[in-house]
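See below for the structure under consideration.
Since every read-out is calculated from the coordinates, none of them should be taken as a lab result. All of these numbers come straight from a predicted model, not from anything done at the bench. For neighbour counting, all protein chains shown are included, and Cβ atoms are generated from backbone atoms with ideal geometry for every residue, glycine included.
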Amino acid sequence: MNRVLPILALLLFCGTLGAHPHAWIDLRASVLFTADGDVKALRQEWVFDPTYSHLLLEDLAVDQPDLDLEKALELMTERMLGNLREYDYFTEIELGERRLVPAPARNGSLHLRQRRLHLKFDLPLEAARPEPAQPLNYRVYDPTYWIEILHDAEDVIHLAGGGGCTAHIQPARPEPWLVAYAATLDRDQRAPIEDLGRRFAEVVFVECNPR
């Protein structure tokens, strides 16, 4: 990933938000398996906080004033996922110590529910079998930490077709000095610490019984 990418420009956001991070995403995730028990894709749903959802809709009204909401959201979905593709959709996936690079996202959609925008997409992966000695693990994070992305506390990680598999979340444990440092950054600053957001990212481990 490019570590200096401004997340606000990437996702077409604007506004005058203050404290750092500037927005929050509740992440809902499903790991999709083949009939043979291999992982084949990671399905994600990003639920943006109400304030940022409102800002997005305001930008949408300015950018596409003549389109109905449904069509405008379709266009924004294509633009978002097209921009995110270069950065692996802010998703880091590994099998053991081997990095898995996702294929272009599929089944993208953007919907408005209860004042919050929901961005959904699937990330296809090469077939891989996570085992106790070689688990699948993933992180989803904005490298600059302009947006905090954490799994929805009211949801679970779904294992679709993954009989005999388990998933657990390892919470982020950033050092206190790093938390204090991140809080000092305003919207016009870029952290000199490479991959700042990775320090605040949860890690999910998926393990399956050996064949």
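With θ taken as phi - 60° and the Karplus curve 6.51 cos²θ - 1.76 cosθ + 1.60 applied, the whole-hertz 3J(HN,Hα) list for segment 79-93 is 5, 4, 5, x, 6, 6, 4, 5, 10, 6, 6, 6, 10, 10, 10 Hz, x standing for glycine and proline.
Its residue count N sets the reference 2.2 N^0.38 Å, and the alpha-carbon radius of gyration of segment 128-211 equals 1.35 times that reference. For segment 63-211, averaging the sequence separation of C-alpha pairs within contact (under 8 Å, six or more residues apart) and dividing by the residue count gives a relative contact order of 25 percent. Between the exposed loop cleavage positions of the chain, defined as GluC sites (Glu not before Pro) in a non-H, G, I, E, B DSSP state with at most 15 neighbouring beta-carbon atoms within 10 angstrom, the longest gap is 1-85.
Using only the Cα atoms of the chain, what semi-axes does the equivalent ellipsoid have when each is the square root of 5 times a gyration tensor eigenvalue? Give whole Å, largest first.
Details: eigenvalues 170, 97, 41 Å².
Equivalent-ellipsoid dimensions as semi-axes: 29, 22, 14 Å.
Taking the number of Cβ atoms within 10 Å of each Cβ as an exposure proxy, the fewest-first ranking of W46, W24, W177, W146 is W177, W24, W46, W146.
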